[in-house]
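Values in this text are rule-based calculations from the coordinates and carry no lab data. Because the structure is predicted, anything quoted here is derived from the model rather than measured. Here the Cβ positions follow ideal geometry from the backbone for every residue, glycine too, while neighbour counts run over all protein chains shown.
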Amino acid sequence: MKRTIFLQDENAVWLKGNLHSHSTMSDGRLTPEEMKEAYKHHGYDFLVISDHDRYTNTKNMTEEDFTMVQGFELYGNATNDKDIHIHILFDDNFDEFEHGQYIHLPERTGVATKAFCEEMRAKGAYIMLNHPHWSMLTSAEVEVDSFYHAVELINYESEWLENVGDGTVFWTEMLFKGARLWGGGADDNHNGDPVDSMYSGSFGGWTVVKAKDRSANSIIEALKTGSFYTSTGPEIYDFYVDGDEVHVVCSPCERIYIGGQHRCHQRKIGRHVTEFVTKLKGKEKFVRAEVMDAAGRSAYTNPIWLD
């Protein structure tokens, strides 16, 4: 039996996007229109303007070849009341908020955060825990059974400018604990410097979805079902389990790792590796893959659970 996280549809499309960015509607330096043009110019297919505690409605900016997905970034709190940032993304049918509306919790507590996020998820929103390393959050401070769909693995601006944007260890520990969470990636760009300067926090971490079509609704559906991968460079073309074999197909890389609830115990190394097929050990509860190119840039699949 073949198992995969990617949508199995011959008409599906691969779409590259940035799920996390800020405009002049909060603390970004570019307008939503300027952000859209910058990402179109750099070959992206979709963008989320996720301003802090404020909804920026960009639905009317969607074009045939570029999609604007809706959302905002919430100032919230973990169970122990530590400050965290949470992504709330939604499709075009979601009509809870008006353009420019500020969204604040009734109080900054873990209890209030949990209640709000559970309500948003019940209404169809996609919820991601942002930059856990930047927030100085540990996996012990997050419940296994939570309202999150995903953890932000790559927060490019935090990683490039502050060296605190890598959430992969946090995500791995959550998976080890038994949480079923997807792993996302984004820029979180505020554009305090020109987008093409060395100090830019743009165009360094992204999410690639395999969706039914280019619509915002299909992109959100792909995110919810895990039909995507996160990257800082390499491309992943397929990842699946067929019987007792794991298959990874990717752009030319130097290393491909297969891991699960234990240490990464399977690998293939070479100069231009594009595929890895290996047998399961037999006790895996889930498997996932990371591919790494010659420049040290990585792409991460979501887990395939085997139970």
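Some values worked out for this structure:
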quantity: Average silhouette area of the range 1-90, convex hull of alpha-carbon atoms, in square nanometres; calculated: 8.6
quantity: Dipole magnitude (debye, nearest 20) for the range 212-285, charges at Cβ of Lys, Arg, Asp, Glu; calculated: 360
quantity: Space enclosed by the convex hull of the alpha-carbon atoms of the range 233-307, per residue, Å³; calculated: 75
quantity: Around residue 208: net Lys/Arg minus Asp/Glu count, Cβ-Cβ under 11 Å; calculated: 0
quantity: Per-residue [θ]222 nm for the chain (sum of -39500 (n - 2.57) over DSSP H runs n ≥ 4, rounded to 500); calculated: -5000 deg cm²/dmol
quantity: Loop GluC sites (Glu not before Pro), the range 196-295 (other Cβ atoms within 10 Å of the site Cβ: 12 or fewer; DSSP); calculated: none
quantity: For the range 134-222, the fraction of alpha-carbon pairs in successive 10 Å shells from zero, as %; calculated: 16, 37, 33, 13, 0
quantity: Cβ-placed point charges (K, R +1; D, E -1), dipole of the chain about Cα centre in debye, nearest 20; calculated: 1300
quantity: Volume per residue that the Cα convex hull of the range 1-159 spans, once the total is divided by residue count, Å³; calculated: 151
quantity: Rg/Rh for the range 90-146, where both radii come from Cα atoms and Rh is the Kirkwood radius; calculated: 0.99
quantity: Lys/Arg +1, Asp/Glu -1 at C-beta; the range 233-307 dipole; positive extreme among 252, 302, 292; calculated: 292
quantity: Relative contact order of the range 2-232, pairs being alpha-carbon contacts under 8 Å that are 6 or more residues apart, as %; calculated: 23
quantity: Pairwise FRET efficiency - residue 140 versus residue 60, Cβ, R0 = 51 Å, nearest 0.05; calculated: 0.70
quantity: Out-of-range pairs (alpha-carbon distance over 30 Å; input 16/123; 177/224; 114/281; 212/281; 16/281; 210/281); calculated: 114/281; 212/281; 16/281
quantity: Average projected area [Cα convex hull, the range 169-293], square nanometres; calculated: 9.6
quantity: Extension gain from residue 93 to residue 27, taking 0.36 nm per residue of separation minus the Cα-Cα distance; calculated: 21.1 nm
quantity: Counted charge near residue 181, where neighbours are those whose Cβ lies closer than 15 Å (Asp, Glu -1; Lys, Arg +1); calculated: +1
quantity: Local electrostatic count at residue 305 - Lys and Arg +1, Asp and Glu -1, tallied over other residues with Cβ under 9 Å; calculated: +2
quantity: Sparse-neighbourhood loop sites, chymotrypsin sites (Phe, Trp or Tyr not before Pro) in the range 31-80 - DSSP loop, at most 12 other Cβ within 10 angstrom; calculated: none
quantity: Two-decimal Rg to Rh for the chain - Kirkwood Rh, Cα set; calculated: 0.95
quantity: Per DSSP, loop trypsin sites (Lys or Arg not before Pro) in the range 250-307 with at most 14 further Cβ within 10 Å; calculated: 263, 281, 283, 285
quantity: Ranked by how many other beta carbons lie within 10 Å on average, peptides 109-115, 29-35 from highest; calculated: 29-35, 109-115
